[in-house]
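Report on the structure given below.
Read the figures in this text as sums done on the coordinates, not as results from a lab. Keep in mind the model is a prediction, meaning the values are calculated, not measured. All Cβ positions, even for glycine, are placed from backbone atoms using ideal geometry, and neighbour counts span all protein chains on display.
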Amino acid sequence: MGGDLDVVAVGGQRARHRLAQVVVVLHEQDLGVHRPANVAAAHGCNRVPTQRQPRAWGPLTPRRDSGAPPSAKELAVPTLSSLSIVLPCFNEAPNVAAAVAEAQAAASACASEHEILVVDDGSTDGTQAVAHAIAAADPRVRVVVHEANRGYGAAVRSGFNASRGDWVLLTDGDLQFDLGELSAFLEPAADHDLVAGFRIDRADPLPRRMAAHAWNRLMRRTFGVALRDVDCAFKLMRGPALRALPLESDGAMISTELLVRAQDAGWRIGEVGVHHRARTAGEPSGGDPAVVWRAFRERRALMRDLRARRAAPASAALARPTPS
Ligand SMILES: Nc1nc2c(ncn2[C@@H]2O[C@H](COP(=O)(O)OP(=O)(O)O)[C@@H](O)[C@H]2O)c(=O)[nH]1
Ligand SMILES: [Mg+2]
């Protein structure tokens, strides 16, 4: 498919008989993204062709009666060679130990080798001390420290830079995802470079969900991001290619930037439906006005940067990932 963006989306819906996930296939012409002509449209008149609804072609991975996701072994899918799980944390002292434990369990089930990277983004609630205590007892856990808070994007980038795995899973340190669902990402990972989660039942208040809906639409129109849940913090990516991406955002814009640069580099991108839990401890700040304002500022910066890069000679383009 040289140079194509062949997006396979593995979706999920809470059906009456528990979850029955569906696999859908989109083709580049459905998405209207990634081609220079569309890029020009995105920046010239601020819109790209509208994404058509994905087409379903079959059921996949029903959940067990217990409601727990099936393991990689039950699904009979190959595990990953090595996996780094990146957990950005800002004031997550009540959550970080359980988040690491859940990440360990998911990584052990889905990868031959793994490491867990806790990125403490200048927390003031003792997150760092908890993380260091866990790391002292387990060499597979590493702590990356920002002395002062630098923002979600900066924390994500520090985690990516420190990672060493053939694969990297980005998720949050606040326990809002069921990392057992990583098993559903393994099959699409075989022929994709990035498998992104999308939240089936987002457990956030209505105003937050409405804002997210508007933001997703804006990201689609501005950048041609062809995914339905841009900010979902459940993304599995090929490590070497990820570490070569020139990411710059320090705030929440990092999620869009990651997807746009991956699309531009010709990554094959898929989607998997994941469940979302309400936060039970700590404070969410993803919807804070300062975070949103920073994201809009970084959106403008990303538009400028993309315009310059896309006008540069083709030799400056990033190499497409090579399957490991
Ligand atoms: N919002 C925010 N989150 C950060 C920051 N640095 C790291 N994080 C982590 O990023 C994840 C998502 O943050 P959260 O406030 O839960 O965002 P939300 O789920 O979108 O409301 C959590 O694990 C945070 O601890 C930061 O500066 N701001
Ligand atoms: Mg959260």
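Taking 35 Å as R0, compute the FRET efficiency from the Cβ-Cβ separation of R221 and E283 and round it to 0.05. Step by step, r from the Cβ atoms, then E = 0.65. Ordered by the number of other Cβ atoms lying within 10 Å of each residue's own Cβ, fewest first, E92, E115, E248, E74 fall into the sequence E74, E248, E115, E92. Listing T280, T222 from fewest to most neighbouring C-beta atoms within 10 Å gives T280, T222.
Couplings 3J(HN,Hα) for the stretch 214-226, derived from phi with the Karplus relation 6.51 cos²θ - 1.76 cosθ + 1.60 (θ = phi - 60°), are 5, 5, 4, 5, 5, 5, 5, 6, 6, 10, x, 5, 9 Hz, where x marks Gly and Pro. Taking amide hydrogens as placed 1.01 Å from N in the peptide plane, the amide H of W167 sits under 5 Å from those of S82, L83, S84, G239, each at least 5 positions away in sequence or on another chain. Taken along the Cα-to-beta-carbon direction at a fixed 7 Å, the label points for D125 and S112 span 3.9 nm.
Counting charges near T171 (Lys, Arg +1; Asp, Glu -1) among other residues having Cβ under 11 Å from its Cβ returns a value of -4. Computed from backbone phi, the HN-Hα couplings of the stretch 244-261 come to 8, 6, x, 7, 10, 5, 9, x, 5, 5, 4, 5, 5, 4, 4, 5, 5, 5 Hz, rounded to whole numbers (Karplus: 6.51 cos²θ - 1.76 cosθ + 1.60, θ = phi - 60°; Gly and Pro given as x).
In order along the stretch 136-151, the phi-based Karplus estimate (6.51 cos²θ - 1.76 cosθ + 1.60, θ = phi - 60°) of 3J(HN,Hα) comes to 5, 8, 8, x, 7, 9, 10, 10, 9, 10, 9, 4, 10, 5, 10, x Hz; Gly and Pro are listed as x. Between D201 and A101, the modelled labels are 2.4 nm apart [label points 7 Å from Cα along Cα→Cβ]. In terms of other Cβ atoms within 10 Å, H146, H192, H213 run from fewest to most in the order H213, H146, H192. Working from label points 7 Å from Cα in the Cα-to-Cβ sense, the F296 to R208 distance is 2.1 nm.
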